Each structure stands twice: as C-alpha cells, then as structure tokens.
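Chemist: Please read through the structure below; I'll follow up with questions.
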Amino acid sequence: MKIAIQGEQGSFSHEAALKLLPGAEIVPCALSAEVFAALDAGAADAAAIPIENSLAGSVLEHFDLLLKHDVKVVRETLVRIRHNLIALPGASIGEIERVFSHPVALAQCRSFLAAHPQMKAIGFYDTAGSVKQLVELGGRSVAAIASEAAAARYGAEILARGIEDDPENYTRFFLVERSPEAETDPDANKISVAFTLEHRPGSLVAALSALSAIGTNLTKIESRPVPGKPWEYIFYVDCQIGSAAEGTRALEALDAHCGMVKELGRYREARGIESSNS
C-alpha cells in the first residue's frame, strides 16, 4: 500500500506510517492539504497523520481536513517523540549558528536552545526535511532537530540526543482511508465524531449528557470555528465504546441534539507507548 505523509522520509510521520502498515510505500507531501489531495486522487491508498501531541496539543488543521474530505479513521498508534541535534559529520556543537526544524519541534527544545544562545532557531516545514536540507546545503554551522532515523537516512551525525524539554513527549497518529474502501475493525473500541450544535444555552451540555446517559466514555473534546459563522463551532469528540451497537447509539444520541453529526471513524484504541528510536 501507498501511504501519504506530511513531511519527508525519516520523519516521525514516516515512522508512524510503518508502525501502522509495515512495508508500505511512503508518499511524502510538503503540506497536509496535499496529503488529503493525494488520498482523494488515488495517488495514495491511505494517509498517516498526527492528530495530537502530549505536549503541544491537537493538530487543529487535521481536524478540519478530516471533516472536509470523504475519509475514515481506521487505526491509531502512539509514537514516542525524541528530538536530536543533527549536523554534518565532523561538526561540533560549538560551531552551530543556525538550527532548522518544524516550529513544534523547536518549541519542544526551548531549554536546549536557551542553553546555546549562539544557535538561531529557524522554522522549517518538516523535521526530516530540515536534515535533508542541511546535507544538500553543506556547511558546518548549520544543524537540524529531528529523529535518529532522519540522521541515518540522510547521512548526517547526531551531536546531542534527547534534547526535548520533557521526555514524556508522545504523538498520536491516525491511519486514514477513503470512506468507500475503509473497513471498520470488528474489534473497534473507540469512535471519533464531529458535530455542530444549535446556538442556544445548554446545547453542548445536553449533547454530552446524552452520551453519558448511554454509558459512553468521552476521552477527548476539541472545538473549531465554523467557517463563515462567527462564534459558532464544530465539536470533535473521541469516545470509548464497548461494541459496534454502542457506537451507533452514541451517534443517535448526538443526532437528537445536533444540527450535523459525522462519524470520522471507528478503530481500536492504541494501547501503551510504542517504542521509537526517534
């Protein structure tokens, strides 16, 4: 299978894709919108997208894209995110003047960067892409923050390992397929749903109370603005379900209180943190 990811090979999304579907062919994309476009066009069979980081929070753009496109979440996985300072072979930490990486990765390494004030942090579209760039450009004064896999793939060298501020750094990834081809896991115990509410007092409480009344456990809630309707919101929720029937009851419970309800997918909840050398 071909799996589209945002970023280059050697990125955390690449690692997540291979955890979700070992042996898959990776289709790198520069932007998240391009990932979903590749899926829509049939250039990829599935997409691996980060949806939530334990430190940085939700990847809000991906909620919007899941709602916009005719796709379904079919699986999830958790990946330990370990950042490394990477440079050309032979370079030393004292020589580094510029450090490139994704803005989220840079933000997760603030303490390391503050301890090395000669290093100027510069945002880039991808962690692994920043390593690929430094190898192409050359120069011992440039470094990147990325995974061990990215250093190995592009022939760079790790100068400092595990430079993230907090070691409890994990990202949850979804495997997404086109809705017509997506098959629901018969052992699915989690459901993701998007819904809108009438703009009146107590509407959110009523919707969530309806879920509670049937015993559905809410594990996450996120809100996003409705385009063209100021101060109105789309809500995204993840719920644990004990059976397919409970998932259907959860949708029916929400439908009684909501203007729009869209099931984003039913899948097996990721258990534990999967090891990563990244």
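Chemist: Among the strands (runs of 3 or more DSSP E) contained in region 86-197, which hold 3 or more residues that are touching a Leu at 6+ places or on another chain (Cβ under 6 Å)?
Modeler: Qualifying strands (runs of 3 or more DSSP E): 142-146, 170-178, 190-197.
Chemist: (1) in contact with a Leu (Cβ under 7 Å, 6 or more places away or on another chain); (2) in a loop (DSSP other than H, G, I, E, B); (3) not acidic (Asp, Glu): which one isn't true of Ala250, the others all being true?
Modeler: (2)
Chemist: Can you name every residue in region 61-85 that is under 29 Å from Leu134 (Cβ atoms) and outside any strand (DSSP E or B)?
Modeler: Within region 61-85, Glu61, His62, Ile81, Arg82, His83 qualify.
Chemist: For Ala146, work out the one condition from (1) hydrophobic (A, V, I, L, M, F, W, C); (2) surrounded by fewer than 15 Cβ atoms within 10 Å (Cβ to Cβ); (3) under 17 Å from Leu55 (Cα atoms) it doesn't fulfil.
Modeler: Looking at each condition in turn, Ala146 falls short on (2).
Chemist: Only one of these conditions is not met by Leu18: (1) more than 22 Å from Arg153 (Cβ to Cβ); (2) not in a loop (DSSP other than H, G, I, E, B). Which number is it?
Modeler: (1)
Chemist: Here's something else I'd like to know. Considering only region 143-198, state which residues are of a type in the set (Asp, Glu) and out of contact with any Pro (no Cβ under 7 Å at 6 or more places or on another chain).
Modeler: Selection gives Glu148, Glu164, Asp165, Asp166, Glu168, Glu177, Glu181, Glu183, Asp185, Asp187, Glu198.
Chemist: Okay, next question. All but one of (1) closer than 30 Å to Asn189 by Cα; (2) polar (S, T, N, Q); (3) out of contact with any helix residue (DSSP H, G or I) (no Cβ under 6 Å at 6 or more places or on another chain) hold for Thr77; state the number of the condition that does not hold.
Modeler: (3)
Chemist: Quick one: is Lys262 surrounded by 13 or more Cβ atoms within 10 Å (Cβ to Cβ), of a type outside the set (Gly, Ala, Ser), in contact (Cβ under 8 Å) with a residue 12 or more places away in the chain and within 28 Å of Ser11 (Cβ to Cβ)?
Modeler: It is false that Lys262 is surrounded by 13 or more Cβ atoms within 10 Å (Cβ to Cβ), of a type outside the set (Gly, Ala, Ser), in contact (Cβ under 8 Å) with a residue 12 or more places away in the chain and within 28 Å of Ser11 (Cβ to Cβ).
Chemist: Ok, one more. So Phe36 clears everything in (1) closer than 20 Å to Lys68 by Cβ; (2) out of contact with any Leu (no Cβ under 7 Å at 6 or more places or on another chain); (3) not in a loop (DSSP other than H, G, I, E, B) except one condition, right? Which one?
Modeler: (2)
Chemist: How about region 163-178: which of its residues are over 20 Å from Gly57 (Cα atoms) and either surrounded by fewer than 17 Cβ atoms within 10 Å (Cβ to Cβ) or acidic (Asp, Glu) (or both)?
Modeler: Glu177
Chemist: Exactly one of these conditions fails for Ala256: (1) surrounded by 15 or more Cβ atoms within 10 Å (Cβ to Cβ); (2) in contact with a helix residue (DSSP H, G or I) (Cβ under 8 Å, 6 or more places away or on another chain); (3) at pLDDT below 95. Give me its number.
Modeler: For Ala256, the exception is condition (1).
Chemist: Give all pairs with beta carbons closer than 6 Å in which a residue from region 209-228 that is touching a residue at least 24 places away in the same chain (Cβ under 8 Å) meets a residue that is surrounded by 12 or more Cβ atoms within 10 Å (Cβ to Cβ) and aromatic (Phe, Trp, Tyr); count only pairs at least 6 apart in sequence or on separate chains.
Modeler: If the second residue must be surrounded by 12 or more Cβ atoms within 10 Å (Cβ to Cβ) and aromatic (Phe, Trp, Tyr), the pairs left are Glu222/Tyr236; Arg224/Phe63.
Chemist: Look through region 193-223, keep the residues that are of a type in the set (S, T, N, Q) and buried (at least 17 other Cβ atoms within 10 Å of the Cβ), and return whichever of them is nearest to Arg266 (Cα to Cα).
Modeler: Taking the candidates together, the pick is Thr216.
The values are calculated or read from the model by the stated rules, or taken from the named source; none is laboratory data. Keep in mind that what you see is a predicted model, and the values were worked out from it rather than measured. Cβ coordinates were reconstructed from backbone atoms using ideal geometry, including for glycine residues, and neighbour counts include every protein chain displayed.
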